[in-house]
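Remarks on the structure that follows.
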C-alpha cells in the first residue's frame, strides 16, 4: 500500500467531482474559470495508472492474458453497470442524462470500449457514460501494456512500453489520422508513459532527495493551479495539465519513500473508493441538480453554494455505498471466477 498514491487517487476523483458540480453552477453564476482545472484530475489518474501497472507487475512472471483478465475483471463490471444505468436515464431524467439520447449502437460501442462519436457532440468520442472516455484510454493502454509483458527483462519491457506509446503519439501527430485512430493516438497517451517511467525509476532504486520531492510536489500543484485558466484540449492538456501531474505524482511517491507520508484512514478509504466515486458521481450531482431545479434554489448565492456542498457530499456518500455494496462484491466474485494472476488476491487499490 502506497499511501501517497491512494491520497492522490482520492484527490483526482474529487477534482473531477468539483469540475462537474461547477459545470452546473456556471450556468447561473459567474464563477472563476479556474474551476476547469478540476478536469486535470483525469491527468493525475493517467500518470498514476502507468505507475501502478508498472509497480504491480515489475519482476513478476505475468502473461498478457492473465494481466488482461485481471484488468477486465477489475474495471468492466462496475463500468458496465453505470453505463446501463446511464443509458436508461433519458427515460427518467434529462438533467442526469445530460441530453444523451438512448442510442443502442452507441451503447454497444460503449460496452466494448470502442470510441464512437457522441450523439450529442459528434466531434467528441464520448461513451454513454461521458466520463467513461477515460476508461476507453485505460483499456487501450492495458492492451499495449499486456503485449509489452512479453519482453524478457524489465529494461526491455520499459523500453517497449515507452517506444510504443511515444511512437503512437508521433504517428498521430505526423499522419494526423481522423476518427478513432486520431483520438486514441492523442498526446494524452504520454501521461501513461510518464507513469511507467516514474515506476521504472522507483523500482530501479533511483533516489530523489527529499527537498527535490517537495519541490516537485509543490511546484506541480502550483503549476496546475496557475494553468487552470488555460483552455486545455485533448492535444494540449498533456503540456498544461499532464506535466504538472507528473511532478505531483513523482514528488508524492518519493516523499513517502522518505517517510514523510502517514496513513490517514479516511483518505485511504476515499482512495479505495475513487473508482466508484469517478463512475457514480454524475448520478449524485445530477440528482441534486434535479432537486435544485424542482424547488428553484438557484436564484441566490447561498443556494449556489449549498448546491455545491450538497452535490459533493452526495457524491461521496454514493461512492462509498457503491464501493462497499457493489464494487467490492463484484471484485470478490471475480476472485471466485479466477484467482489473482500469480496466486495473489486482486487488490482494490489498483483500479487506475
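Quick check, is residue 242 modelled with pLDDT under 90, part of a helix (DSSP H, G or I), within 20 Å of the chain's Cα centre (by Cα) and surrounded by 15 or more Cβ atoms within 10 Å (Cβ to Cβ)?
Spelling it out, it is not the case that residue 242 is modelled with pLDDT under 90, part of a helix (DSSP H, G or I), within 20 Å of the chain's Cα centre (by Cα) and surrounded by 15 or more Cβ atoms within 10 Å (Cβ to Cβ).
Can you name the number of the only condition in (1) modelled with pLDDT under 90; (2) assigned to a helix (DSSP H, G or I); (3) in contact with a helix residue (DSSP H, G or I) (Cβ under 9 Å, 6 or more places away or on another chain) that residue 180 fails?
(3)
Could you check how many residues of the stretch 98-115 are free of Cβ contacts under 8 Å to residues at least 60 places away in the same chain and surrounded by 15 or more Cβ atoms within 10 Å (Cβ to Cβ)?
Here the count works out to 9.
In the stretch 117-163, how many are over 21 Å from the mean Cα position of the chain (by Cα), within 28 Å of residue 274 (Cβ to Cβ) and free of Cβ contacts under 8 Å to residues at least 40 places away in the same chain?
Residues in the stretch 117-163 being over 21 Å from the mean Cα position of the chain (by Cα), within 28 Å of residue 274 (Cβ to Cβ) and free of Cβ contacts under 8 Å to residues at least 40 places away in the same chain: 4 in total.
Residues checked against (1) at pLDDT 95 or above; (2) surrounded by fewer than 19 Cβ atoms within 10 Å (Cβ to Cβ); (3) in contact with a strand residue (DSSP E or B) (Cβ under 9 Å, 6 or more places away or on another chain); (4) under 29 Å from residue 46 (Cα atoms):
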{"residue": "296", "(1), (2), (3), (4)": "no, yes, no, no"}
{"residue": "299", "(1), (2), (3), (4)": "no, yes, no, no"}
{"residue": "311", "(1), (2), (3), (4)": "yes, no, no, yes"}
{"residue": "325", "(1), (2), (3), (4)": "yes, yes, no, yes"}
{"residue": "341", "(1), (2), (3), (4)": "no, no, no, yes"}
{"residue": "344", "(1), (2), (3), (4)": "no, yes, no, yes"}
{"residue": "352", "(1), (2), (3), (4)": "no, no, no, yes"}
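From 269, 225, 277, grab the single residue that is surrounded by 17 or more Cβ atoms within 10 Å (Cβ to Cβ), part of a helix (DSSP H, G or I) and touching a residue at least 40 places away in the same chain (Cβ under 8 Å).
Unique residue meeting the criteria: 277.
Output the number of the condition that residue 232 fails; it satisfies all remaining conditions of (1) outside any helix (DSSP H, G or I); (2) closer than 25 Å to residue 22 by Cβ; (3) over 18 Å from the mean Cα position of the chain (by Cα).
(3)
Do we have residue 76 as surrounded by fewer than 21 Cβ atoms within 10 Å (Cβ to Cβ), more than 14 Å from residue 141 (Cβ to Cβ) and free of Cβ contacts under 8 Å to residues at least 40 places away in the same chain here?
Here the answer is yes, as residue 76 does meet what is asked.
The values are calculated or read from the model by the stated rules, or taken from the named source; none is laboratory data. Keep in mind that what you see is a predicted model, and the values were worked out from it rather than measured. FYI the Cβ positions are ideal-geometry reconstructions off the backbone, even for glycines, and counts take in every protein chain you see.
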